[in-house]
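Each remark here refers to the structure printed beneath this line.
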Amino acid sequence: MHNAGMLERVFERNEWQFFSVLPRAAPGLALAWWLALLLRGGLPAAFAIAMGVLVGAVERGDPLAGPLTLVGAIFILLQVLSPIHQAVSANLGDRTAAWLYDRLTEACVRPPG
């Protein structure tokens, strides 16, 4: 029971309410934004692991095509994902603001009650 109350307090916070608006304002952009956020968080660790795989392949004398391709792909994603995420963030922010302004306008022009 204690955990349920704590979760309710967490979900009532302004941050959670804001994040819950994003999919309603622009579902596709919100999904792209969350995916980019998760990738940007996980790619540095994936890059470190890929470098370890590459170093291991060099030390063993194994073929390097696979490990080099993996390192290169992750490196390119690391370089490209940041500006893409910024662009998606700006677009999602604009769409969210417009959606919120529309809801505010509706609330202001509706009959009381």
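The values are calculated or read from the model by the stated rules, or taken from the named source; none is laboratory data. Here the structure is a predicted model, which is why all the values come from computation and not from measurement. Virtual Cβ from ideal backbone geometry, glycine too; neighbours counted across all protein chains shown. Please note that ligands, DNA and RNA were not included when accessible areas were found on the heavy atoms of the full protein model with its side chains. Shrake-Rupley method; radii C 1.70, N 1.55, O 1.52, S 1.80 Å.
Along the charge dipole of the chain, which of A57, A87, S20 sits closest to the positive end, that is, farthest toward it, with unit charges on the beta carbon of Lys, Arg, Asp and Glu (+1, +1, -1, -1)?
S20
Counting heavy atoms of the protein chains only and a 1.4 Å probe, report the per residue accessible area for segment 1-60 as a whole number of Å². The partial results should precede the final answer.
On the way: 4400 Å² over 60 residues.
Per residue, segment 1-60 has 73 Å² of solvent-accessible surface.
Distance in nm between label sites at L100 and A46, each 7 Å beyond Cα in the beta-carbon direction?
If labels sit at L100 and A46, their model points lie 3.1 nm apart.
Which whole-Hz ³J(HN,Hα) couplings does segment 34-44 yield from phi under the Karplus relation 6.51 cos²θ - 1.76 cosθ + 1.60, θ = phi - 60°, glycine and proline marked x?
My calculation for segment 34-44 gives 5, 4, 5, 4, 5, 5, 5, x, x, 5, x Hz in order.
Please report the Cα spread of segment 26-109 along all three principal axes, rounded to whole Å, starting with the longest.
73, 15, 14
Counting only protein heavy atoms and using a 1.4 Å probe, what share of the accessible area of the chain belongs to carbon plus sulfur, as a whole percent? Kindly include the intermediate steps, with their values, before the conclusion.
Values: 5650 of 8190 Å².
Answer for the chain is 69 percent, counting heavy atoms of protein chains only.
Taking the Cα centre of segment 26-109 as origin and charging only Cβ (+1 Lys, Arg; -1 Asp, Glu), how large is the dipole, in debye to the nearest 20? List each step's numbers first, then the result.
Working: 4 positive and 5 negative charges, 10 e Å.
It comes to approximately 40 debye.
Given Cα pairs under 8 Å that are at least 6 residues apart, what percent is the relative contact order of the chain? Each step should come with its number before you reach the end.
Numbers: 53 pairs, mean separation 37.2, N = 113.
Once divided by the residue count of the chain, the mean separation gives 33 percent.
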